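Below: one structure, written as structure tokens.
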Amino acid sequence: MFGAHKPIIVEFPLRGEWLSPNTPGTKIPSHGTNKLGTRYAYDFLQVDWKRKGLPSYHVSLPQYLLFGVPLNEYYCWGQEVYAPCDGIVVQAKDGYKERERTNLLADMSYAYKIAHYFNPKKDDMQSVAGNYIIMKCGDQVYAALVHLQTGSIQVSVGQSVKKGEVIARVGDSGNSYMPHLHFQLMDSCDMSTANGLPCAFKQYEVFQDGEWKKVVNGIPTNKDRIRFGS
């Protein structure tokens, strides 16, 4: 899948059940661009697997489309985020205010402007990433955990962090359509110039044929119902 690039193995950064609608397991670049180190990036959110369309919120579809959804009505908002590796925190940006609720048209308009007019040389990275953490996981290997909940970051620059340690919570800050965790590996701590690095997850489970099956060093697709640590 990744050609000459062998995926780097990291720990899954969340607990419970998740869906990855944007994943290199389905397409590369996973987000439609190589910019900002996103070539092999993942998005993770929680959904109601029993409802049509797999909504990620408690309310009805008409309410979502017409009025938006308060952030606390999303299943994954506020869920704990865990360190994917042993490493050093090299960036920890908090304080970027989240919108109180999602609004499909406004959020799409904002995302379009960011995608087409963002200038990494002069624009604030937090306008894209919101609140985020970057960890150094190895030689020229950096993990970025993005769109975090305002005020939830529990680590600081220079801090040593162990794999599996709680470091923040899932949020909706920055250029985000809805609460989710954006996760990527990069060859630099500077997202504005970094190249994305492929990664796989050391272990998780996928729900297939009515049962949970263990996956080792796996790359989930956008159809997989996955879980870890539950």
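Using Cα pairs closer than 8 Å and at least 6 residues apart in sequence, work out the relative contact order for the chain, in percent. Mind showing how you got there, number by number?
Values: 577 pairs, mean separation 69.1, N = 230.
Reported relative contact order: 30 percent.
Scattering from the C-alpha atoms of the chain alone, worked out with Debye: what is log10 I(q)/I(0) at q = 0.08, 0.09, 0.16 1/Å?
Once normalised to I(0) and log-transformed, intensities are -0.26, -0.34, -1.16.
Just need the Rg to Rh number for segment 1-112, please, alpha carbons only, Kirkwood Rh.
When Rh is taken as the Kirkwood radius, the ratio is 0.98.
Through the Karplus equation 6.51 cos²θ - 1.76 cosθ + 1.60, θ set to phi - 60°, convert the phi angles of segment 93-101 into ³J(HN,Hα) values in whole Hz; use x for Gly and Pro.
Taking θ as phi minus 60°, the curve returns 10, 10, x, 7, 5, 8, 5, 6, 8 Hz for segment 93-101.
Please identify, among Lys52, Lys35, Lys163, the residue showing maximal mean-square fluctuation in a Gaussian network model of the chain using a 10 angstrom Cα cutoff.
Of Lys52, Lys35, Lys163, the Gaussian network model singles out Lys52 as fluctuating most.
How much of the calculated P(r) for segment 116-210 lies past 19 Å, in percent of all Cα pairs?
Taking all Cα-Cα pairs of segment 116-210, the fraction more than 19 Å apart is 49 percent.
Write down the percent of antiparallel bridges among all DSSP beta bridges whose residues are both part of the chain, to the nearest 5. Numbers along the way, then the final one.
Working: 44 of 47 bridges.
So the antiparallel bridges amount to about 95 percent of the total.
Keeping every protein chain present and rolling a 1.4 Å probe, give me the accessible area per residue for segment 128-230 in Å². Let's see the in-between values first.
Numbers: 4170 Å² over 103 residues.
Solvent-accessible surface per residue comes out at 41 Å².
Which entries of Lys97/Lys163; Lys50/Lys162; Lys162/Lys213; Lys93/Lys163; Lys136/Lys214; Lys35/Lys213 show an alpha-carbon separation above 31 angstrom in the structure shown?
As for pairs spanning more than 31 Å Cα to Cα, those are Lys50/Lys162; Lys35/Lys213.
Given the peptides 184-196, 96-108, arrange them by the average over their residues of other C-beta atoms within 10 Å, most packed first.
With the highest mean Cβ count within 10 Å placed first, the list reads 184-196, 96-108.
What's the center-to-center distance, using Cα atoms, between segment 170-230 and segment 62-86 in Å?
After rounding, the separation between the Cα centres reads 15 Å.
Please give me the summed charge of the neighbours of Asn222: other residues whose Cβ is under 14 Å from its Cβ, Lys and Arg +1, Asp and Glu -1. Don't skip to the answer; put the middle values down first.
Details: positive: Lys27, Lys223, Arg225; negative: Asp43, Asp224.
Taking every Cβ under 14 Å from that of Asn222, the sum is +1.
Report, to the nearest whole %, how much of the accessible area of the chain belongs to carbon and sulfur atoms, 1.4 Å probe, protein only.
50 percent
The values are calculated or read from the model by the stated rules, or taken from the named source; none is laboratory data. In this text, all values refer to a predicted model and were calculated from it rather than measured experimentally. We place every Cβ from the backbone using ideal geometry, glycine too, and count neighbours over all the protein chains shown. All accessible areas refer to the heavy atoms of the entire protein, side chains included, with ligands and DNA or RNA removed. Shrake-Rupley method; radii C 1.70, N 1.55, O 1.52, S 1.80 Å.
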